[in-house]
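Colleague: Quick one: the structure is below, questions incoming.
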Amino acid sequence: MNLPNSVRIVEVGPRDGLQNEKGEFISTEVKVELINSLADAGLTHIEAASFVSPKWVPQMADATEVMSGIERKKGVTYSALTPNLIGLEGAISGRANEIAVFSAASEAFTEKNINCSISESLERFKPVMSAAEKAGIPVRGYVSTVIGCPYAGDIDPEAVAKVAEAMYKMGCYEISLGDTVGVGTPLKVKRMLAAVSALVPKERLAVHFHDTYGQALANIYAALEEGIAVIDSSVAGLGGCPYAKGASGNVATEDVVYLLEGLGISSGINLDALVRTSHWITEKLDKKNNSKVALAMGANRSQLEK
Ligand code: HMG
Ligand code: MG
């Protein structure tokens, strides 16, 4: 089998996982503790915050406080989402090690999500890219709705490839391909990856699957077969996008780590410690745990106690 030997997991729980939480504001203290314990579990890349408009995404309003409250573990990248220059300024003063800009393959989704067209979004990123370069901050690029869109339906793989290429050429060191609504299946994922990798090297691609239809692990396996070695996931499968109604959380990090362990692929993550974090955060948020692995291992929780 032609699978990668190791995989880098980008933990998006503190951002993608929490941004859509309705109801009470999640305290800065809980966010900080979540990020610190994810780093302790061996995650080396944690999307810690989002410097977006607090009117649009209220749960991320304390991005500055979160970034200043976390411990900085050596070897860990603490990244933040930045849609524009205001966001970048916040990320720089919050000492983010990396930022991410985000667009989509669907015009309708881009309008709902960031209030502009795809080409306007790319224009908006240009000054962000050059300011980030000046500040020595690497930039990741997200392309959302790579398989389907809640407003426009099926998405043409060529449309995904076009936006991914534009972001790559603009200077994003990595392009994360998001199945925002979680409608993908392995064959569609492979077709999309074939179109994108014709324009962007595979080593520069990551996959970001939401698990609405329960296909995320199958899609990840399909992506691994295609040589993709960077996977976004969220502890306890937390999350959803505020502008993709009905979309459920990201694939659970615990489930991805279990899959990788079974395939003999290293990720550097301590699954027991991660499962402890998973139970802790779902209890704090009073939420159902969406990780099958955390639930299965939770049945033996006494073995997991520190
Ligand atoms: P806009 O209203 O068009 O922006 O929003 P504007 O430039 O006209 O500014 C309006 C107001 O927002 C002004 O304040 C600005 O100062 C303020 P006012 O004068 O009204 O008091 N503002 C900001 N405040 C804080 N931080 C900022 C910022 N920018 C402007 N960075 C904007 C445009 C992009 C800001 C808005 O649409 C926005 O914040 N959208 C957030 C969208 C979002 O966070 N979506 C979820 C993340 S993406 C995602 O989940 C997908 C992903 O996971 C991959 C996948 O699953 O596919 C990544
Ligand atoms: Mg997402």
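Colleague: Cα-Cα over 30 Å: which of Lys31/Lys74; Lys55/Lys188; Lys31/Lys245; Lys169/Lys190?
Modeller: The answer is Lys55/Lys188.
Colleague: For the chain, with all protein chains present and a 1.4 Å probe, just round the carbon and sulfur fraction of the accessible area to a whole percent.
Modeller: Carbon with sulfur: 50 percent of the solvent-accessible area.
Colleague: Want the number for Asp154 to Trp280: 0.36 nm per residue separation, take away the alpha-carbon distance, what's left?
Modeller: Difference between extended and current length: 41.6 nm.
Colleague: Can you work out the Karplus-derived ³J(HN,Hα) for every residue in the stretch 116-127? Use 6.51 cos²θ - 1.76 cosθ + 1.60 with θ = phi - 60°, whole Hz, and x for glycine or proline.
Modeller: 7, 7, 4, 5, 4, 5, 5, 4, 5, 6, 4, x
Colleague: Quote the charge dipole size of the stretch 8-305 about the Cα centre in Debye, to the nearest 20; the model charges only the Cβ of Lys and Arg (+1) and of Asp and Glu (-1).
Modeller: It works out to roughly 220 debye.
Colleague: Determine ³J(HN,Hα), in whole Hz, for all residues of the stretch 184-191 in sequence, where each value follows from phi through the Karplus function 6.51 cos²θ - 1.76 cosθ + 1.60 and θ = phi - 60°; x replaces Gly and Pro.
Modeller: Listing the rounded values in order: x, 10, x, 5, 5, 4, 5, 5 Hz.
Colleague: Provide Rg and Dmax in Å for the stretch 8-305, with only Cα atoms included in the calculation.
Modeller: 17.5, 53
Colleague: Measure out, as a whole number of angstrom, how far apart the alpha-carbon centroids of the stretch 171-189 and the stretch 199-252 sit.
Modeller: Here the two parts' Cα centres lie 6 Å apart.
Colleague: Karplus couplings for the stretch 164-180 from phi (6.51 cos²θ - 1.76 cosθ + 1.60, θ = phi - 60°), rounded to Hz, Gly and Pro as x?
Modeller: 4, 5, 4, 5, 5, 5, 6, x, 5, 7, 8, 10, 9, 9, x, 8, 4
Colleague: Shifting gears a bit: Contact order normalised by length for the stretch 32-72, with contacts defined as Cα pairs under 8 Å and 6 or more residues apart; what percent is it?
Modeller: 43 percent
Colleague: Return one whole number: the accessible area per residue of the stretch 163-213 in Å², for a 1.4 Å probe.
Modeller: Dividing the accessible area of the stretch 163-213 by its residue count gives 38 Å².
Colleague: Also, I was wondering about something else. Could you calculate the contour length gain from Ser53 to Glu71, that is, 0.36 nm times the residue separation minus the distance between their Cα atoms, to one decimal place in nm?
Modeller: 4.0 nm
Colleague: OK, next. Mind listing the long-range amide H neighbours of Leu205? Cut-off is under 5 Å, sequence gap 5 or more, other chains count too, H placed in the peptide plane at 1.01 Å from N.
Modeller: Those qualifying (amide H under 5 Å, at least 5 residues apart or on another chain) are Ile175.
Colleague: Excluding same-chain residues fewer than 8 positions from Lys22, which aspartates and glutamates have a Cα within less than 14 Å of its Cα?
Modeller: Partners found: Asp286.
Colleague: Based solely on its DSSP helices, what 222 nm [θ] is calculated for the chain when runs of n ≥ 4 H residues each add -39,500 (n - 2.57) and the sum is averaged over all residues, nearest 500 deg cm²/dmol?
Modeller: One gets -12500 deg cm²/dmol as the mean residue ellipticity at 222 nm.
Colleague: Now for a separate question. Residues with amide H under 5 Å of Ala100's amide H, sequence separation 5 or more or different chain, H placed in the peptide plane at 1.01 Å from N; which?
Modeller: Here Ala80, Leu81, Thr82, Arg140 satisfy the definition.
The values are calculated or read from the model by the stated rules, or taken from the named source; none is laboratory data. Bear in mind that the values here come from a model prediction, so they are computed numbers and not experimental data. Positions of Cβ are backbone-derived with ideal geometry, glycine not excepted, and every protein chain shown enters the neighbour counts. We work out accessible area using only protein heavy atoms, side chains counted, and drop any ligands, DNA or RNA first. Shrake-Rupley method; radii C 1.70, N 1.55, O 1.52, S 1.80 Å.
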